[in-house]
Every structure is written in C-alpha cells, then in structure tokens.
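Written out below as structure tokens is the structure these notes cover.
The values are calculated or read from the model by the stated rules, or taken from the named source; none is laboratory data. Note that the coordinates shown come from a computational prediction; the quantities given were computed from them, not determined experimentally. Don't worry about glycine lacking a Cβ; one is built from the backbone with ideal geometry, like all the others, and counts go over all protein chains shown.
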C-alpha cells in the first residue's frame, strides 16, 4: 500500500509540474443520503463561497448518484462508494489534479454516526499523496467512538476546524491533535425565497405582522422525538395549543429541517399541523417542501423559534432570530458560546411536561427582543469566524 501511495504521489507531482497549480478544490459532501437541510446548508454555503473566491471546484458525493441539491452550476461531480475499490481509485484520480481537499465536517469524525472511519481513511489518503486537507467546521461529542479516536490520533498533515469551543477542547483532549476554532460553515448560507410555497408563507407572515402578530418558527426532530416517550408529541401539541390560545395574535410556522425517512421531521410536523389546524387554521402554516435557503429566508421573519435541529437554530440565529433549542449530542452549548448566550437550551425531556415547557416558552418569548439585539450585534463576528474555515 505504501508503494502505491508513493507512486501516486510521484504521479501527482508530475501532473503539477506539467499543468501547474490551478486553485482546484475537491469539496467532499459527507452526506450519504440527501434530505437533511443542515447538510444542504453546509454544502451550498461552502461551494458558493469557494466559487466566489475563485476556486476551481469539484464536488465528491459518497453515494452513487445521490447528490445534495445546491445552487451551483459548473462544478464537476464525482460519485463514489467509499468501500468500493473501483470508486476509491476514482477518488485517487480526482485527488491527483486537486490542490486541496475539504470535507463538510459536521458530525463525521467522532464515530457517532456510521461511516466516520471511512472518511477519516479517505482524508488521510489525500494527505499522504500530498494534497492539502482540511475538515470544515465539525462537532465532537463527549462520547466519541474509540475506533474513530484512534484513527484521528494517527492522522497527520490534516487541518481540523472545530465549529465550537467545547468540541475543540474535547477533540484536542481525546485525539492529541490541534484544531482551529471556527463557526459552522452554514452561517455563510445566502437566504433566498425560491419556491411558490415559501413566497406564500412569507406573504402570510408579512400580512400577520401588519396586524402586530407574534410569529414563532417551530421545528421538531424525528431524531430527538424517537428517544422520547410516545406521549411527548401529545404534550408538545398541548403546549403549542396553549401558546396559541394565550393571544389571538400568536402565529406558528412549522418548519421541517430534515425530510429523510425515519429520522426526518416532516411526519411529526404533519401530525402537529393536523392537530392545530382544526382550531387555528388562520394562524398556523406548514412548510412542506423545504430547502436550506428558503428556511433561512423565512426565519428572518420570526420573532423567536423553537428548534430541535442545530442547523435550524443556525438558520434562525444567522438571521438574528433567537431559538429555544432542544439539545442533543452536545451540539448546542458551543453555539451559545459563539453568541455569548445562556439559557437558550433545554433538555428534550422537558417537552413531556406541558406546564414546565409552557413556562419555558413564555419566559423565552419575553426576553426574545433583547436576545435579538444581542445576536445581531455579535453575528458579524460569527460570520467572520465561519469564513475562517477557508483561511
């Protein structure tokens, strides 16, 4: 294997001598199955930022002909199955002409999700043949998988970009590697209303705002609720009913941020919408066909949000809107640190107790205006920190 790597390294050097360095970046999408707006937000933001900076871009997808839809034309696409020898050869071929390889880090390196170890191997292979490698804004759990930690300890010449200070500390402690503090790449996502459905919901919100409405964006996660008792959804609906009953000016926009089967949000949100729509059809809307950029554009109209997806929280905060977030896998606390916030997260189990959850929402709504001002003041520095992924 070492001889093969050495041979490829020589071939790459010859290629560079002939054709020179062309600012060519191989951007790797870690997403195996499309449907996550978080994955879409990171890939779209990274690809468009690199394109604007003048890089020659190729995008590699880790699944045969399953790409994440992004707003970018002209980039070449490469589909590989990481476990396939033939596709690994395709990957090496792409690396020969690349100056740099980047992967949307997200959750892919701590082993929590399936496939982490494969991507670590792929990245080290790129580094071994002389390609500059970086892992863009990633999280690192308090409970990383042992195999992933051992692989990361053995990595060399890879730049690791941690998207929050807590993940950075955990990563450096477990792996004995160094990381650079950045913010999530998704903060660079450009908002856009690109569908008729999103435009109609925007019009609905603006009309309600003219009537002094308070508009809350609400997301639930199949991932989070799968770990709760079945009664949690009923309790969640009860809480939303209570909030709508409090004031006829209260409105809710239900927003999925993951439409994948089983772990997605849409099925749960449809159940919630069906329950609320019976009484509050004029004050509740459901976004059925989300894209990351539509969600972010709509989020800018919310007074506050309730979120069970980190990238929905990022979409809101990226538009200056505070979100009360249901925490999981140590993801949200570091996000709070970026904005110097506290008490904007709650444990998912709280939703099962309607009285407590109702108090949390009322309290959050009361301080949402002050939180908005604080977020908007700090947001430029967080966006600059997001750009550090590429510097």
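Going through (1) touching a helix residue (DSSP H, G or I) at 6+ places or on another chain (Cβ under 6 Å); (2) at pLDDT 95 or above; (3) not assigned by TED's automatic domain parsing to the domain that holds residue 312 one by one, residue 134 falls short only on (1).
Looking at region 31-42, can you tell me whether even one residue there is at pLDDT 80 or above, loosely packed, with under 15 Cβ neighbours inside 10 Å and within 27 Å of residue 265 (Cβ to Cβ)? No, there is no match, as no residue in region 31-42 is at pLDDT 80 or above, loosely packed, with under 15 Cβ neighbours inside 10 Å and within 27 Å of residue 265 (Cβ to Cβ). Return yes when residue 163 is surrounded by fewer than 24 Cβ atoms within 10 Å (Cβ to Cβ) and under 21 Å from the mean Cα position of the chain (by Cα) and no when it is not. When the stated conditions are applied, residue 163 does not pass them.
When every residue of region 176-187 is checked against the conditions, at least one turns out to be under 21 Å from the mean Cα position of the chain (by Cα) and in a strand (DSSP E or B).
Conditions tested, residue by residue: (1) surrounded by 15 or more Cβ atoms within 10 Å (Cβ to Cβ); (2) assigned to a helix (DSSP H, G or I); (3) modelled with pLDDT under 95.
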residue: 343; (1), (2), (3): no, no, yes
residue: 349; (1), (2), (3): no, yes, yes
residue: 360; (1), (2), (3): yes, yes, no
residue: 363; (1), (2), (3): no, yes, no
residue: 369; (1), (2), (3): no, yes, no
residue: 372; (1), (2), (3): yes, yes, no
residue: 376; (1), (2), (3): no, yes, no
residue: 383; (1), (2), (3): no, yes, no
residue: 388; (1), (2), (3): no, yes, no
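Checking the stated criteria, residue 261 turns out not to satisfy the condition of being surrounded by fewer than 16 Cβ atoms within 10 Å (Cβ to Cβ) and closer than 25 Å to residue 209 by Cα. Residues in region 248-264 that are modelled with pLDDT of 95 or more and in a strand (DSSP E or B): 250, 251, 252, 253, 254.
From the list 303, 258, the one residue that fits, being more than 18 Å from the chain's Cα centre (by Cα) and either in contact (Cβ under 8 Å) with a residue 12 or more places away in the chain or under 30 Å from residue 68 (Cα atoms) (or both), is 303.
Among the conditions (1) in a helix (DSSP H, G or I); (2) under 15 Å from the mean Cα position of the chain (by Cα); (3) over 30 Å from residue 171 (Cβ atoms), the only one that residue 245 does not satisfy is (2).
Output the residues belonging to region 32-54 that are free of Cβ contacts under 8 Å to residues at least 40 places away in the same chain and over 19 Å from residue 315 (Cα atoms). Of everything in region 32-54, those that are free of Cβ contacts under 8 Å to residues at least 40 places away in the same chain and over 19 Å from residue 315 (Cα atoms) turn out to be 51, 52, 54. Scanning region 209-227 for residues that are exposed (fewer than 15 other Cβ atoms within 10 Å of the Cβ) and assigned to a loop (DSSP other than H, G, I, E, B) turns up 211, 212, 226, 227.
Of all residues in region 188-205, none satisfies the criterion of being touching a strand residue (DSSP E or B) at 6+ places or on another chain (Cβ under 9 Å) and not assigned by TED's automatic domain parsing to the domain that holds residue 317. Of everything listed in (1) touching a helix residue (DSSP H, G or I) at 6+ places or on another chain (Cβ under 6 Å); (2) in contact (Cβ under 8 Å) with a residue 40 or more places away in the chain; (3) within 22 Å of residue 50 (Cβ to Cβ), the single unmet condition for residue 179 is (2). From the list 270, 278, pick out the single residue that is modelled with pLDDT under 95 and out of contact with any strand residue (DSSP E or B) (no Cβ under 6 Å at 6 or more places or on another chain). Matching residue, one of 270, 278: 278.
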